[in-house]
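One structure is given below, encoded as structure tokens.
Read-outs throughout are calculated quantities, based only on the coordinates presented, and are distinct from any laboratory measurement. The model shown is predicted, which means the values in this text are computed figures rather than measured ones. Counting neighbours? That spans all protein chains shown, and the Cβs are built from the backbone with ideal geometry, glycine included.
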Amino acid sequence: MSVVVEHDPKLLEVNPPLVAGNPSYHDISERISTIIEPEVGQTPMKYWITLGITASLTVLLGGMLAYLAVTGIGVWGNNRPIGWAWDITNFVFWIGIGHAGTLISAILFLFRQKWRTSINRSAEAMTLFAVMCAGIFPLFHTGRPWRAYWLFPIPNTDHNVWQNFRSPLIWDVFAVSTYFTVSLLFWYTGLVPDLATLRDRAVTKIRQFAFGIFSLGWRGSARHWRHYEAAYLILAGISTPLVLSVHSVVSFDFATSVIPGWHTTIFPPYFVAGAIFSGFACVMTLLLIARWTLNLQDLITMKHLENMNKIILVTGSIVGYAYCTEFFIAWYSGNIYERFTFLNRAFGPYWWAAWSMYTCNVFIPQLYWFKKMRTNLWVMFIISITTNIGMWFERFVIIATSLTRDFLPTSWWFYHPTYVDICTFLGTIGLFLSLFLVFARFLPLIAMSEVKGVRAYEKHAFAAAAGVEKVH
Amino acid sequence: MPAQLDFEQIKEKLGIGADKVYGAIGEFDDPEELVEAGRKVREMGYTKIDAMTPFPVHGIDDAIGVPPSKLGWIVVVFSMTGLCIALLLQWFAGAGPLNSLLLRFGLSGYPLMVGGKPFFDLSYSVPVDWELTVLFTAFAAFIGMWALNGLPRLYHPSMNYKNSHRASDDRFLLVIEADDPKFSPAKTAEDLRGVGAREVEVVEG
């Protein structure tokens, strides 16, 4: 790309620099650090108001979970035959959102996609917060969250039974807890050089102490960077298959059962594509808000946003293709239960949920074939939200339509969520946004050291176009 | 009555003191200048060279002779450990020695009979094998990297350089350490100036 641009500056329109405005390295530190450096008292009031709203929702979540813990999971709308309902829908929804972070930080790193640098930090943080929200649902669905250690193979005298390792549910415990741990290590590794920058800039005692501890004495030695890059590459290399495996394992929860509509081999790739689709949309929502409120237009450029929209288009189309395949196989299999399930999905009592999902996930993202749409901030903001609405409905449709209409018509039923279901879900949205707001206020939202690396590269690539004297 | 501490002796042991020199540090504005200077300094015969930069500068490793990281080998060992632990765990939980032994005496070790499936089989163990391999790999890479780097640490003599705080911002520092056989404060500082450093300081350690 860069070599071509050197010979034909007109191509700059197609491949603009990823760091706009020709900043020096110091400008980049300054730009990102000053967002989080003001004293707590100097934070704008609108931040506290927003945090107040999201924190209230988090309190609501706490209340609902406490109510559930002392009463029992009967306070949710789950009942036979709907053993899984909103709780598992929300679990899969949040886990799916988490996938974009690791995709951006690991897979795009391996593919040497330099545009990931401006967005990977916030996407990784989003992953962690989304997985936290996801974990709440299966934990409380057990009914006795204080017995959560039974999920892990810890020798204990409560019972003499080991976990059943033939069950996909225990695979899920391993997959999700590994995913969270690895994402956390990856995120923290990436954060350390930036924490060192903040430590060296810190003026107050508290900041010097806190950043001093958490930057672990990082001093940017060439030997350190060599080990650091090796570790980063290993973490990226191992996270790439991990991110693909986690949602595959989540889909096994469904695919290894005998329920019509669940028992399909397409589930792992279909779930992974859907997860990346919804995750990118969620990163987009958060980044558009951050870009607008913090004026980050020169670091999160239209090029970044457009690339993300292209990924949303691709993964949305893969999801659409998976929907078509499911319908085809339902017909082609000749299995009457399978056929009924899919006709029931589209035209049964949950037709509105199914058509919301088709519209939001398959039809609306097709607008991104047009460059005008891919580069329109309002369009991308709206599509990022409809995508997540669509992906929530996808999980709901899969769970509710199959369970309410299984083999025996006598056990057919219609599922209604209770107010506890609704408030718990709203509460996790509050928790997610609160954590993200706190992160955006106290930790660097953009990876400074990585953006500087891209800047060093682009100084050469765009030397002629940017009017910079060439260094060589 | 506690023994009197001999601070001079402790300082001597820890290598702290006015007469101790950590090395000479030269400061550069650009990564390219740093790499160029690093290469020249190495050609002069210095061997204990380091650099401090705000982001990984490519080409510096070859220029000043940083050996490749051995982290990969450490990690592979731990990945395999993770895999073995996962296999052992699942075998032990389903069909381990305790279970078969107890069953022989008509006692129940509680191996779970589920749908007539075997108590242990490689096929169903794959997801957990994979996840534990990943978990061990990630911890090995994370902890191994800090261990190889000798971090965390609270103090390093390079912090005595007046602009060391800018090595995480926008300056590129080239360090020639005092234990280099060719090191002599005045001459080394002169050499660093000679390869284009904008600021040079001999730093105490």
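What three numbers, in Å, describe the spread of the alpha carbons of the range A:105-232 along their principal axes, ordered from the longest?
Computed over the Cα atoms, the extents are 53, 40, 26 Å.
Residues of the range A:307-343 with the amide nitrogen closer than 16 Å to a label point 7 Å from the Cα of residue A:412, along Cα-to-Cβ, please.
A:336-343
Once you mark the GluC sites (Glu not before Pro) that are in a DSSP loop and have at most 13 other Cβ atoms within 10 Å, what is the longest gap between them in chain A?
My reading of the result: A:40-468 is the longest stretch.
Run the helix sum for chain B: -39,500 (n - 2.57) per DSSP H stretch of 4+ residues, divided by residue count, reported at 222 nm to the nearest 500 deg cm²/dmol.
The helix-only estimate for chain B comes to -15000 deg cm²/dmol at 222 nm.
Using only the alpha carbon atoms of the range B:16-99, find the Kirkwood hydrodynamic radius as the inverse mean reciprocal pair distance, in angstroms to one decimal.
Here the Kirkwood hydrodynamic radius works out to 17.2 Å.
Once each part is reduced to its C-alpha centroid, what is the distance from the range B:123-188 to the range A:181-216 in angstrom?
Cα centroid of the range B:123-188 versus Cα centroid of the range A:181-216: 14 Å apart.
Averaged across B:91-99, how many Cβ atoms of other chains sit within 10 Å of each residue's Cβ atom?
2
Bin all alpha-carbon pair distances of the range A:346-472 at 5 Å intervals from 0 and give each bin's fraction as a whole percent.
2, 8, 10, 11, 12, 13, 12, 9, 7, 5, 4, 3, 2, 1, 0, 0
Determine the relative contact order of the range A:39-141: mean sequence separation of Cα pairs under 8 Å and six or more apart, normalised by residue count, in whole percent.
Over the range A:39-141, the number comes to 31 percent.
Can you give me the Rg/Rh ratio for the range A:179-327, using Cα atoms for both radii and the Kirkwood formula for Rh?
Rg/Rh for the range A:179-327 comes to 1.09.
How long, wide and thick is the range A:262-413, going by the Cα atoms along their three principal axes, in whole angstroms, largest first?
60, 27, 23
So what's the convex hull volume per residue for the Cα atoms of the protein assembly as shown, in Å³?
217 Å³
In sequence order, what are the phi-derived ³J(HN,Hα) couplings for the range A:98-105 according to the Karplus relation 6.51 cos²θ - 1.76 cosθ + 1.60 with θ = phi - 60°, rounded to whole Hz, with x for glycine and proline?
Couplings: x, 5, 5, x, 6, 4, 5, 7 Hz.
Kindly provide the chymotrypsin sites (Phe, Trp or Tyr not before Pro) of the range A:303-396 that DSSP labels as loop, not H, G, I, E or B, and whose Cβ sees at most 13 other Cβ atoms within 10 Å.
Loop-located and lightly packed - A:370.
Over all residues in A:232-242, what is the mean tally of Cβ atoms on other chains that come within 10 Å of each residue's Cβ?
That average works out to 5.
So if R0 is 41 Å, what FRET efficiency would residue A:306 and residue A:210 give, r being the distance between their Cβ atoms, rounded to the nearest 0.05?
0.65
DSSP loop chymotrypsin sites (Phe, Trp or Tyr not before Pro) in the range A:84-139 with at most 11 other Cβ atoms within 10 Å of their Cβ, which ones?
Taking the range A:84-139 and a limit of 11 other Cβ atoms within 10 Å, the loop chymotrypsin sites (Phe, Trp or Tyr not before Pro) found are A:111.
Roughly speaking, what % of Cα-Cα pairs in the range B:82-124 are separated by over 17 Å, rounded to a whole number?
So the pairs more than 17 Å apart make up 33 percent of the total in the range B:82-124.
I need the P(r) histogram for the range A:39-98: all alpha carbon pairs, bin width 10 Å from 0 out to the longest distance, whole percents.
Pair shares across the bins are 18, 31, 30, 15, 6, 1.
Run lengths n ≥ 4 of DSSP H only: what is the helix-derived mean residue ellipticity at 222 nm for chain A, with -39500 (n - 2.57) per run over all residues, to the nearest 500?
About -22500 deg cm²/dmol.
How much net charge surrounds residue A:179 when only other residues with a Cβ under 14 Å from its Cβ are counted (Lys, Arg +1; Asp, Glu -1)?
Neighbour charge sum, excluding residue A:179 itself: -3.
Give the share of C-alpha pairs in each 5 angstrom bin for the range A:151-192, from 0 to the last occupied bin, in whole percents, shortest bins first.
Here the calculated profile for the range A:151-192 is 5, 20, 19, 16, 15, 11, 8, 5, 2.
Restricting attention to the alpha-carbon atoms of chain B, what are Rg (one decimal) and Dmax (integer), both in Å?
27.6, 85
Over all directions, the average projected area of the alpha-carbon convex hull for the range B:71-149 comes to how many nm²?
6.2 nm²
Compute the Kirkwood hydrodynamic radius of the range A:189-246, taking the inverse of the mean of 1/r over all pairs of distinct Cα atoms, and give it in Å to one decimal.
After inverting the pairwise mean of 1/r, the radius is 12.8 Å.
Can you pull the mean other chain C-beta count within 10 Å for peptide A:417-425?
0
Within chain A, what's the longest stretch lacking trypsin sites (Lys or Arg not before Pro) that sit in DSSP loops with no more than 12 other Cβ atoms inside 10 Å?
Excluding the exposed sites themselves, the longest stretch runs over A:113-469.
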